[in-house]
Amino acid sequence: MVCYAFTRDLYRFTFDRHKLAEMLRFSLPLVPSSVGVFVTLYIDRVAIKELMTVADVGVFGIGYRVASVVSLLVIGVQLAVTPLIFSRYRDPEAPAALAQIFRAFVGMSLIVAVAMSIFALEILTVVTTPEFYAGAVVVPLLAPALLLSAMYVFAPGLGIAKRSGIQALIMIAGAVLNTVLNFLFIPVWGIVGAAAATLASAGAVLAVYMIVSQRLYHVPHAWGAMAVAAVGGVLACVAGLALGTRSLPVVGAVALKMVLLLGITGVVMRLGLIDSAALRRVVTRLRSTAGRSADVN
């Protein structure tokens, strides 16, 4: 109320039916889209409860919580990148800058996902009790799934073109795919099947989202380098998980896993996905341009 008292001259009641129609055309499709996202987030636990037991839901949930640590990286990037994209997408340099930030994000995501995957059992040993250690098996699938499900921020074409209807269709289709895969995979692989369904549907949604977005607003992503890094990350995860099946001393196993993590970090740097100096320059330029745009407005 105090703020309003000092700024009351800046406000007045007005109604513009054209603006209302424009906003509703954009925002109404986001309602079913959000329903699709909600279903995608929780259908795995519903399916596990129906096809397995409540205890299995608890084990899966613990693994999901450990994998969700990667969401800290995602949230920070989403909050920082989204306003910068929409404030300067008309800039000729914007697509290249966005591609560079995406490469760095993929590189960092890959390192974090590998770390969470190969050290999942050690983490659960510290923070839970033995009956939940089995949740470690789903972390290598859920960590990349959660990262993939948030990478749509680097495919801004649908938002720029105001194609929220297409976005809703993609999200709903992803929810349907996730549901079907859960009920197909869980009877075969248990909670690992639920995690695999989440990963497969997240990858499919991102692929479709990216293809459509690229047609509306092309960004020169370095798909080759990112694919090579992803293969390296998978191999590092497989090697790290294999160490857990051998009767190695805990210190020795942890040391070997650290070597694997350093190795994938080196691969990411060698491929040029992370260039800290260039990334700082891009972010500084983006912020400067966004600040100038805000001043003009």
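The values are calculated or read from the model by the stated rules, or taken from the named source; none is laboratory data. Since we're looking at a predicted model, the values are computed, not measured. Cβ coordinates were reconstructed from backbone atoms using ideal geometry, including for glycine residues, and neighbour counts include every protein chain displayed.
General remarks:
- Filter result (surrounded by fewer than 21 Cβ atoms within 10 Å (Cβ to Cβ), within 26 Å of V81 (Cα to Cα) and in contact with a Ser or Thr (Cβ under 6 Å, 6 or more places away or on another chain)) within region 168-183: A168
- Filtered residue count, region 47-82, keeping only those that are within 25 Å of I186 (Cα to Cα), part of a helix (DSSP H, G or I) and either hydroxyl-bearing (S, T, Y) or more than 22 Å from the chain's Cα centre (by Cα) (or both): 14
- Residues in region 153-169 that are free of Cβ contacts under 8 Å to residues at least 60 places away in the same chain and within 30 Å of I48 (Cβ to Cβ): 1 in all.
- Filter result for A136 (surrounded by fewer than 17 Cβ atoms within 10 Å (Cβ to Cβ), at pLDDT below 95 and not charged (D, E, K, R)): no
- The set of residues in region 201-234 that are over 22 Å from A175 (Cα atoms), touching a residue at least 24 places away in the same chain (Cβ under 8 Å) and in a helix (DSSP H, G or I) comprises Q214, R215, L216, A225, M226, V228, A229, A230, G232, G233.
- Meets criteria (under 19 Å from the mean Cα position of the chain (by Cα), under 27 Å from R90 (Cβ atoms), surrounded by 15 or more Cβ atoms within 10 Å (Cβ to Cβ) and at pLDDT below 95) for A222: yes
- Residue-level analysis places L286 outside the set of residues that are farther than 30 Å from E50 by Cα, in a helix (DSSP H, G or I) and at pLDDT 90 or above.
- Search result, residues across region 192-201 that are within 16 Å of the chain's Cα centre (by Cα) and surrounded by fewer than 24 Cβ atoms within 10 Å (Cβ to Cβ): A196, L199, A200
- Of the helices (runs of 4 or more DSSP H) that lie entirely inside region 87-189, not one contains 2 or more residues that are touching a strand residue (DSSP E or B) at 6+ places or on another chain (Cβ under 9 Å), aliphatic (A, V, I, L, M) and on the phi > 0 side of the Ramachandran plot.
- If you check A5, A96 for being loosely packed, with under 15 Cβ neighbours inside 10 Å, among the aliphatic types (A, V, I, L, M) and under 30 Å from T284 (Cα atoms), only one passes: A96.
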